[in-house]
Amino acid sequence: MLASMILTRLLAFFTLATLALAADAPGFKVTKRYPVPGDGGFDYVTFDASSNRIYASHGTEVDVLDADSGKLLGKVEDTPGVHGIAIVPELHRGFTTNGAENTVSVFDTNTFKTIKKIPVDKDPDFVFYDAHSKRVLVCHGDAAAITAIDPEKEAMIGKVALGGGAEATVVSGKGIGFVNLEEEAEVVSYDPVALTVKAKYPITGCKTPTGLAMDVANSRLFIGCRSKVMAVMNADTGKVITTLPIGTRVDAVAFDAGNKLIFCSNGDGTISVIRQKSPDEYESVGDIHTQESAKTMALDQKSKRMFLSAAEMVPPPAGEKGRPKPKPGSFTILVVERQ
């Protein structure tokens, strides 16, 4: 009886050890936490390699931090309901999407002062600078479109009607854009210069796509889905090659082309890591434990650091409906590095 109990406990121990090893298999962990003063919600975080700065959306402002020290360098103010930030290094300009007033702020990256605001369609959210077309591309949810902005003229050029809410976009080396439609669970390919739709592809096996990244060299799209999978799509054909399990409430995806790793940041406090064995073969290699609410992420392609926005979340009072809100004074940028 005693021998049986000991054997059972040993098996349980080795099972737990194996699971722990699998969970930590990527070898990454949170190495730093940069506290950021102020209150309010948060969304996307952007890393600018040219200046080694972190730009973090935070309530009605964007906080700018030194990526090495976490020192607060300044703020871009008056950005109500800010979602995303795009940086155009050669022009020393930044662009923020302000969801509460349907504008895009243009700011000077040297002084962080706002130069002007560009009125746009409702619900501007994700924003991305495409160096190939030299355009700032703004994804709209409610307006179901992508707005193209000329960063040099600081003016809107036009828009692409998508037929569904745009969540995130990438552009291939061939100058073709791809965008997730959240409710339709589709990927739309489009021309960011002609501002025309080229094709629509269903994301088979995926519901509520959010984050999006691309292996440009092999024409593969990596799509984070709120149905707790990451879908791999052939960008040339629109065929879904495979899906792999990930965490809950994914909101961002990043691809490290050098190490062939795909990262999906999840609101449940994990980053799901997937290895690309070949363009058509993938495997899950474990989770990185971060902090609950840390669902948006930026990857430094040179150092391989990841930066995530997070805060302690407070549920609504008993009997009241609504989403959890950040605890005042708890906003933090997490730094994840490989050990």
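The values are calculated or read from the model by the stated rules, or taken from the named source; none is laboratory data. Every value quoted in this text rests on a predicted model; they were computed, and no experiment measured them. Cβ sites come from the backbone with ideal geometry, for glycine too, and all protein chains shown count toward neighbours. With ligands, DNA and RNA removed, areas are computed over all heavy atoms of the protein, side chains included. Shrake-Rupley method; radii C 1.70, N 1.55, O 1.52, S 1.80 Å.
Looking for something free of Cβ contacts under 8 Å to residues at least 24 places away in the same chain, surrounded by fewer than 19 Cβ atoms within 10 Å (Cβ to Cβ) and in a strand (DSSP E or B) - is there at least one such residue anywhere in region 313-326?
Yes.
For region 46-66: of the residues being within 17 Å of the chain's Cα centre (by Cα) and of a type in the set (A, V, I, L, M), which is surrounded by the fewest Cβ atoms within 10 Å (Cβ to Cβ)?
Among them, the one singled out is A49.
Contact list please: Cβ distance under 8 Å, first residue in region 90-111 and at positive phi, second residue among the hydroxyl-bearing types (S, T, Y) and part of a loop (DSSP other than H, G, I, E, B), pairs at least six apart or on different chains.
As it stands, the answer is H92/T109, since those pairs meet every condition given.
Search region 183-222 for residues being of a type in the set (D, E, K, R) and within 20 Å of the chain's Cα centre (by Cα), and hand back the single one that is nearest to D43 (Cα to Cα).
Here the answer is E183.
For region 194-209, give me the residue count where each residue is surrounded by 22 or more Cβ atoms within 10 Å (Cβ to Cβ) and either in a strand (DSSP E or B) or modelled with pLDDT under 95 (or both). Talk me through it step by step, then tell me what you get.
The initial filter retains those residues of region 194-209 that are surrounded by 22 or more Cβ atoms within 10 Å (Cβ to Cβ), namely 203, 206, 209.
Add one more test, that the residue is either in a strand (DSSP E or B) or modelled with pLDDT under 95 (or both), and what stays is 209.
Looking only at that region, the number is 1.
Taking region 251-296 as the search range and keeping residues that are assigned to a strand (DSSP E or B), out of contact with any Ser or Thr (no Cβ under 6 Å at 6 or more places or on another chain) and of a type in the set (A, V, I, L, M), which one is farthest from F42 (Cα to Cα)?
Filtering region 251-296 for residues that are assigned to a strand (DSSP E or B), out of contact with any Ser or Thr (no Cβ under 6 Å at 6 or more places or on another chain) and of a type in the set (A, V, I, L, M), the one farthest from F42 (Cα to Cα) comes out as V285.
A quick yes/no check of all residues on (1) in contact (Cβ under 8 Å) with a residue 12 or more places away in the chain; (2) touching an Asp or Glu at 6+ places or on another chain (Cβ under 7 Å); (3) closer than 20 Å to C206 by Cα; (4) among the acidic types (D, E):
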{"position": "V216", "(1), (2), (3), (4)": "yes, no, no, no"}
{"position": "K228", "(1), (2), (3), (4)": "yes, no, yes, no"}
{"position": "L244", "(1), (2), (3), (4)": "yes, no, yes, no"}
{"position": "R249", "(1), (2), (3), (4)": "yes, yes, yes, no"}
{"position": "F255", "(1), (2), (3), (4)": "yes, yes, yes, no"}
{"position": "I271", "(1), (2), (3), (4)": "yes, yes, yes, no"}
{"position": "V285", "(1), (2), (3), (4)": "yes, no, no, no"}
{"position": "K302", "(1), (2), (3), (4)": "yes, no, no, no"}
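Starting from region 56-69, take each residue that is charged (D, E, K, R) and list its partners that are at pLDDT below 95, counting only C-beta distances under 9 angstrom and pairs at least six apart or across chains.
E61/G38; E61/G40; D63/P37; D63/G38
If you scan region 74-89, which residues turn out to be surrounded by fewer than 20 Cβ atoms within 10 Å (Cβ to Cβ), in contact (Cβ under 8 Å) with a residue 24 or more places away in the chain and closer than 20 Å to T296 by Cβ?
Hit for region 74-89 is K75, nothing else.
Could you pull out every one of the strands (runs of 3 or more DSSP E) wholly within region 48-105 that has 1 or more residues that are modelled with pLDDT of 95 or more and aliphatic (A, V, I, L, M)?
It comes to 53-58, 61-66, 72-76, 82-88.
Is one or more of the residues making up region 276-293 hydrophobic (A, V, I, L, M, F, W, C), open to solvent by less than 50 Å² (accessible area, probe 1.4 Å) and under 21 Å from R226 (Cα atoms)? Before you say what the answer is, go through the steps one by one.
Just the residues of region 276-293 that are hydrophobic (A, V, I, L, M, F, W, C), to begin with: 285, 288.
Those left that are additionally open to solvent by less than 50 Å² (accessible area, probe 1.4 Å): 285, 288.
This time we only want the ones that are under 21 Å from R226 (Cα atoms), so: 285, 288.
Checked against the condition, which is being hydrophobic (A, V, I, L, M, F, W, C), open to solvent by less than 50 Å² (accessible area, probe 1.4 Å) and under 21 Å from R226 (Cα atoms), region 276-293 yields at least one hit.
Looking at V335, V240, which is the one that is at pLDDT 95 or above, touching a Ser or Thr at 6+ places or on another chain (Cβ under 6 Å), more than 28 Å from Y201 (Cβ to Cβ) and among the β-branched types (V, I, T)?
Residue meeting the stated conditions: V335.
Name every residue in region 152-174 that is over 17 Å from P124 (Cα atoms) and surrounded by 13 or more Cβ atoms within 10 Å (Cβ to Cβ), in order of residue number.
Within region 152-174, V171, S172 qualify.
Does region 107-122 contain at least one residue that is under 20 Å from the mean Cα position of the chain (by Cα), open to solvent by less than 30 Å² (accessible area, probe 1.4 Å) and not hydroxyl-bearing (S, T, Y)?
no
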